[in-house]
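This report concerns only the one structure given below.
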Amino acid sequence: MLPEAEKSPLVCETPRLILRKFNENDAEAIFSFQGDPEIMRFSVNGPATPEGIRTKYLPGCLTRYSRDGVGQWAVIRKSDGALIGECGICVHEVDGTREYEIGYRLRRDCWRQGLATEAARACRDYGFSKVGLSRLVSIIEAENAASIRVAKKIGMTFEKHVLFHQISALLYRVANPGMATA
């Protein structure tokens with residue numbers, strides 16, 4: 001039996017946002033950003049379809065929550081309760097190493113308000129304090145200046161160039177200040 005905290009859909013809160021686990025009722029709201037070609041410009045999968053969200057994306061999120069203890073989470077704006085995007089921690093293999101990546105994506109009407117940074121910072125803190133991770137990364141295409149700015153604002157620094165899903169990308173990293181590094 002899972003502890004109550006693990007059963008709860010709530011992951012964490014910030015002054016303006018709630019991050020919670022996705023559920024099957026979120027498909028339409030997810031499509032509002034994952035279906036937008038401009039928002040998905042730097043996604044390895046490109047824009048999503050409503051069917052893909054229902055049959056692949058949401059089941060994948062639920063699998064990651066149980067398998068990895070983390071995943072992409074719904075970003076809810078407190079002021080109106082709207083699901084405005086996603087932000088979370090996903091496990092990837094990069095250059096033969098298991099990495100925990102902070103990823104973020106918001107609806108266009110929510111850009112340039114500091115919300116991605118706020119959500120990413122909450123995920124960073126959650127990964128370090130609740131999950132006990134020693135480091136977190138973000139894998140970002142060089143042309144994605146907005147994501148690079150978010151990574152830098154949450155304390156990440158450039159580590160190396162990587163090939164991720166056959167795409168040339170930059171790996172930014174931040175170490176857990178509460179843990180000794182090798």
Set of segment 110-143 residues, backbone N closer than 15 Å to the point 7 Å along the Cα-Cβ line of Ile167: 138-143
log10 of Debye I(q)/I(0), alpha-carbon scatterers only, for segment 88-182 at 0.10, 0.19 Å⁻¹: -0.25, -0.89
Under the Debye formula (equal points on every Cα, no solvent term), log10 I(q)/I(0) of segment 4-175 at q = 0.11, 0.14, 0.19 Å⁻¹: -0.41, -0.70, -1.42
Stretch gain in nm, segment Ala175-Arg41, where the contour uses 0.36 nm per residue and the Cα spacing is subtracted: 45.4 nm
Per-pair calculated FRET efficiency, R0 = 45 Å: Arg54 and Thr157 via Cβ, rounded to 0.05: 0.75
Cα→Cβ-extended label distance, 7 Å offset, between Glu24 and Val91, nm: 2.5 nm
Cα centroid separation - segment 68-140 against segment 7-67, whole Å: 11 Å
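Bear in mind these aren't lab numbers, they're just calculated from the coordinates by the rules spelled out. Since the model is a prediction, treat every value here as computed from it, not as a measurement. FYI the Cβ positions are ideal-geometry reconstructions off the backbone, even for glycines, and counts take in every protein chain you see.
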